[in-house]
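Heads up, the thing below is written out as structure tokens.
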Amino acid sequence: MSYAFSSKWGTFGSEPGQLRYPFGIALDSSGNVFVTDSGNHRIQKFSSSGNFIQTWGTLGSAVSQFNDPSGIAVDRSGNVYVGDRQNHRIQKFGNNGTFIRTWDIDTANGQIYWPYGVAVDRSANVFVVDLINCRILKFTNTGTFIRKWGTRGSAVNQFEFQCMWRWTVMEMSMLLILVTIGFKNLQARAPILELGADLAQEKVSSTTLMVLL
């Protein structure tokens with residue numbers, strides 16, 4: 001399989017359409033591209049061809065403000081979920097940047113500490129990489145906590161926080177596979193096995209790309 005270069009956009013800076021340490025990227029059903037412009041503490045929206053559409057967010061802790069936003073995901077309705085990393089929360093927006101809600105987690109289950117990765121499944125459940133706590137959190141799309149799993153370590157169902165930098169949800173037929181890809185391990189699971197063993201666990205290096213089919 002071969003790939004041909006298509007296009008690129010963005011230059012270093014803080015003007016609309018410029019980027020300063022972009023971290024996360026997500027697409028909606030129309031092909032619009034959402035980017036967490038981490039160094040500028042904002043979200044930027046582009047067309048699929050790279051034309052600037054809009055931006056929202058400034059540095060701060062109020063609603064619609066960010067402090068080092070990282071992970072980002074878009075559900076089937078076009079809602080945008082952002083891991084507001086150093087504010088330790090998730091923020092949800094409409095497709096045009098309208099603030100909807102924000103959430104952390106109830107104190108009984110421990111506070112989110114650096115939400116690095118965010119993903120959404122076909123039912124709009126929200127999965128969060130709680131980086132420093134070395135765990136995965138699952139919420140409804142309204143922020144209701146569902147469950148958590150993971151502790152720090154190298155065994156099955158454990159994670160090292162250095163390795164939990166990317167999180168994706170892949171849908172294959174009726175099977176939902178949640179995958180964390182890091183420098184040391186790759187783990188995948190199906191919802192029916194969510195309380196049990198993993199579908200697969202393989203050791204990988206930082207230069208290895210693995211695909212589970």
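The values are calculated or read from the model by the stated rules, or taken from the named source; none is laboratory data. Being a predicted model, the structure only gives us computed values, none of them experimental. Backbone-built Cβ (ideal geometry, glycine too); neighbour counts: all protein chains shown. Calculation scope for accessible area: heavy atoms of the full protein, side chains included, ligands and nucleic acids excluded. Shrake-Rupley method; radii C 1.70, N 1.55, O 1.52, S 1.80 Å.
For this structure, a couple of remarks:
- Residues satisfying the stated conditions in segment 100-134, i.e. open to solvent by 20 Å² or more (accessible area, probe 1.4 Å) and farther than 26 Å from residue 56 by Cβ: 106, 107, 108, 109, 110, 122, 123, 132, 133
The rows are residues; the columns are (1) of a type outside the set (A, V, I, L, M); (2) at pLDDT 95 or above.
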{"residue": "33", "(1), (2)": "no, yes"}
{"residue": "45", "(1), (2)": "yes, yes"}
{"residue": "49", "(1), (2)": "yes, no"}
{"residue": "59", "(1), (2)": "no, yes"}
{"residue": "70", "(1), (2)": "yes, no"}
{"residue": "130", "(1), (2)": "yes, no"}
{"residue": "133", "(1), (2)": "yes, no"}
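- Taking (1) out of contact with any Pro (no Cβ under 9 Å at 6 or more places or on another chain); (2) modelled with pLDDT under 95; (3) not in a loop (DSSP other than H, G, I, E, B) in turn, residue 9 satisfies each apart from (3).
- Any pair with Cβ under 8 angstrom, 6 or more apart, that starts in segment 27-47 at a residue that is open to solvent by 20 Å² or more (accessible area, probe 1.4 Å) and ends at one that is among the charged types (D, E, K, R) and part of a strand (DSSP E or B): 32/45
- So residue 90, is it in a strand (DSSP E or B) and over 20 Å from residue 147 (Cα atoms): no
- Residue in segment 72-82 that is over 27 Å from residue 6 (Cβ atoms) and of a type in the set (D, E, K, R) present: no
- Neighbours by Cβ (under 6 Å, 6+ apart or cross-chain): first from segment 124-144, within 20 Å of residue 94 (Cβ to Cβ) and outside any strand (DSSP E or B); second small (Gly, Ala, Ser) and open to solvent by less than 20 Å² (accessible area, probe 1.4 Å): 141/124
- Of all the numbered requirements in (1) surrounded by fewer than 16 Cβ atoms within 10 Å (Cβ to Cβ); (2) at pLDDT 95 or above; (3) in a loop (DSSP other than H, G, I, E, B), residue 97 misses one, and that requirement is (1).
- Residue tally, condition under 17 Å from the mean Cα position of the chain (by Cα), surrounded by 21 or more Cβ atoms within 10 Å (Cβ to Cβ) and over 15 Å from residue 129 (Cβ atoms), over segment 53-73: 1
- The residue list 3, 21 contains one member that is open to solvent by 10 Å² or more (accessible area, probe 1.4 Å), within 20 Å of residue 115 (Cβ to Cβ) and free of Cβ contacts under 8 Å to residues at least 24 places away in the same chain, which is 21.
- The lone exception for residue 81 - which of (1) on the phi < 0 side of the Ramachandran plot; (2) surrounded by 16 or more Cβ atoms within 10 Å (Cβ to Cβ); (3) modelled with pLDDT of 90 or more; (4) in a loop (DSSP other than H, G, I, E, B) it fails: (4)
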